[in-house]
Amino acid sequence: MFAISLMNGLVMGVIYALAALGVSLVVGIMNVVNFAHGELYILAGYFSYLFASALGVNFVLAMVIAVGLVFFLGLLIEYLLIRPTYGNDMYSLILTFILSIVLQNAYLLIFGPYPNKPPLWVQGATDVFGLFLYGNQRLAALAAGAALIAVIFVIIKKTWFGRIIRAASQDREMAELNGVNTTRLNMLSFGLGCALAAAAGVILAPVFPVTPTAGVPVALTAFVVVVLGGMGSLWGCVVGGLTLGLVENFGAAFISSGYKNVFGFMILILVLLVRPSGLFGRAKI
């Protein structure tokens, strides 16, 4: 029981961290809370289902297309909805909340209320250290999520684009004085944040089928992870995601599965009581 809960917690924790990185990026650069983050996660799952199952596209190509489409949709959302609201954060919050509702109803109209999921990447199970059999699809999801998180860290910490992101998050005016086009940076950052949500969606969709309203708990969990880890901290997203995933799964296994979502909020409250800024809270990425 312990070993299986540990593996489940790691799988979910990595996905939580990946989705939370998208939230943290958008909040850190643009100071925008995207309430439609979970719906974009679900949209990518639907896209991968549509391309892989309905159209017979190779599952890897289907995932890439799904993430790419959500990325470009994110660019469009920033241009049409978010950009006109700069200077009034409440307006952007309201607009993304409305977008969330619109997308939920669009999914219900197009795909119906029934769960849909793309085909598994891999079949069968693996004997983990001789202790238990664990599904290969979940192991593949864990590996893919960890690899993507590593790629994001390399981009943010080692590339020219990452240096611009960190500079703008620390001092936006100084970045503009040094020639950074912050309008374009906002668009790319929002698109990348949406793409991270999409990546989490296509990775987890073969394990947990997507439904029109499944994005709501995903968005809430991502926001909890960001606050738990500390606003603006990439490492905080990773540690917060893993912590939340492990706490939820151990709590569900050893206490009650009915309170699975409660455990995450309990650990959040406890951490904030001790450290109000979160585990790795700071004002910059």
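Cβ contacts < 7 Å: first residue more than 17 Å from residue 105 (Cα to Cα), restricted to the range 202-215; second residue in a loop (DSSP other than H, G, I, E, B) and modelled with pLDDT under 90, any location; separation 6+ or different chain. Result?
These pairs meet every condition: 205/117; 205/118; 206/117; 206/118; 206/119; 206/120; 206/121; 209/117.
Can you name every residue in the range 232-251 that is part of a helix (DSSP H, G or I), surrounded by fewer than 24 Cβ atoms within 10 Å (Cβ to Cβ) and in contact with a Lys or Arg (Cβ under 9 Å, 6 or more places away or on another chain)?
The answer is 234, 249, 251.
Which residues, taken from the range 223-234, are among the hydrophobic types (A, V, I, L, M, F, W, C) and within 16 Å of residue 271 (Cα to Cα)?
Start the filter on the range 223-234 by keeping residues that are among the hydrophobic types (A, V, I, L, M, F, W, C), which leaves 223-228, 231, 234.
Of everything in the range 223-234, those that are among the hydrophobic types (A, V, I, L, M, F, W, C) and within 16 Å of residue 271 (Cα to Cα) turn out to be 223, 224, 225, 226, 227, 228, 231.
Among the residues of the range 177-198, is any assigned to a helix (DSSP H, G or I), touching a helix residue (DSSP H, G or I) at 6+ places or on another chain (Cβ under 7 Å) and free of Cβ contacts under 8 Å to residues at least 40 places away in the same chain? Before you say what the answer is, go through the steps one by one.
As a first pass, look at the range 177-198 and keep what is assigned to a helix (DSSP H, G or I): 177, 182-198.
Cutting the leftovers down to touching a helix residue (DSSP H, G or I) at 6+ places or on another chain (Cβ under 7 Å) gives us 182, 185-187, 189-198.
If we keep only those that are free of Cβ contacts under 8 Å to residues at least 40 places away in the same chain too, we end up with 182.
The answer is yes, given that some residue of the range 177-198 is assigned to a helix (DSSP H, G or I), touching a helix residue (DSSP H, G or I) at 6+ places or on another chain (Cβ under 7 Å) and free of Cβ contacts under 8 Å to residues at least 40 places away in the same chain.
Can you go through 48, 24 and tell me which one is polar (S, T, N, Q), closer than 24 Å to residue 244 by Cβ and either assigned to a helix (DSSP H, G or I) or modelled with pLDDT of 90 or more (or both)? Walk me through how you get there before you give the answer.
On the way: 48 fails: closer than 24 Å to residue 244 by Cβ.
The unique qualifying residue is 24.
Any residue in the range 150-162 that is without any contact (Cβ under 8 Å) to a residue 40 or more places away in the chain and under 12 Å from residue 234 (Cβ atoms) sitting within a Cβ distance under 9 Å of a residue that is of a type in the set (Lys, Arg) and in a helix (DSSP H, G or I)? List the pairs, counting only those 6 or more apart or interchain.
157/163; 157/166
Any idea which of 93, 81 is of a type in the set (A, V, I, L, M), in contact (Cβ under 8 Å) with a residue 40 or more places away in the chain and in a helix (DSSP H, G or I)?
Numbers: 81 fails: in contact (Cβ under 8 Å) with a residue 40 or more places away in the chain.
On inspection, the qualifying residue turns out to be 93.
If the Cβ limit is 7 Å and pairs must be 6+ apart or interchain, which residue in the range 106-127 that is closer than 28 Å to residue 142 by Cα and in contact (Cβ under 8 Å) with a residue 60 or more places away in the chain pairs with which residue that is surrounded by fewer than 11 Cβ atoms within 10 Å (Cβ to Cβ) and of a type outside the set (Phe, Trp, Tyr)?
none
Go through the range 27-45 and report how many residues are among the polar types (S, T, N, Q) and either surrounded by 24 or more Cβ atoms within 10 Å (Cβ to Cβ) or not in a loop (DSSP other than H, G, I, E, B) (or both). Spell out the reasoning first.
From the range 27-45, those among the polar types (S, T, N, Q) are 31, 34; that's our starting set.
Those left that are additionally either surrounded by 24 or more Cβ atoms within 10 Å (Cβ to Cβ) or not in a loop (DSSP other than H, G, I, E, B) (or both): 34.
Qualifying residue count, the range 27-45: 1.
Would you pick out the residues in the range 25-63 that are within 20 Å of residue 152 (Cα to Cα) and aromatic (Phe, Trp, Tyr)?
The one that is within 20 Å of residue 152 (Cα to Cα) and aromatic (Phe, Trp, Tyr): 41.
What residue, among those in the range 154-211 that are buried (at least 16 other Cβ atoms within 10 Å of the Cβ) and polar (S, T, N, Q), is nearest to residue 59 (Cα to Cα)?
211
The values are calculated or read from the model by the stated rules, or taken from the named source; none is laboratory data. On a predicted model such as this, the values are computed, not experimentally measured, just so you know. Note that each Cβ is placed from the backbone with ideal geometry, even for glycine, and that neighbours are counted across all protein chains shown.
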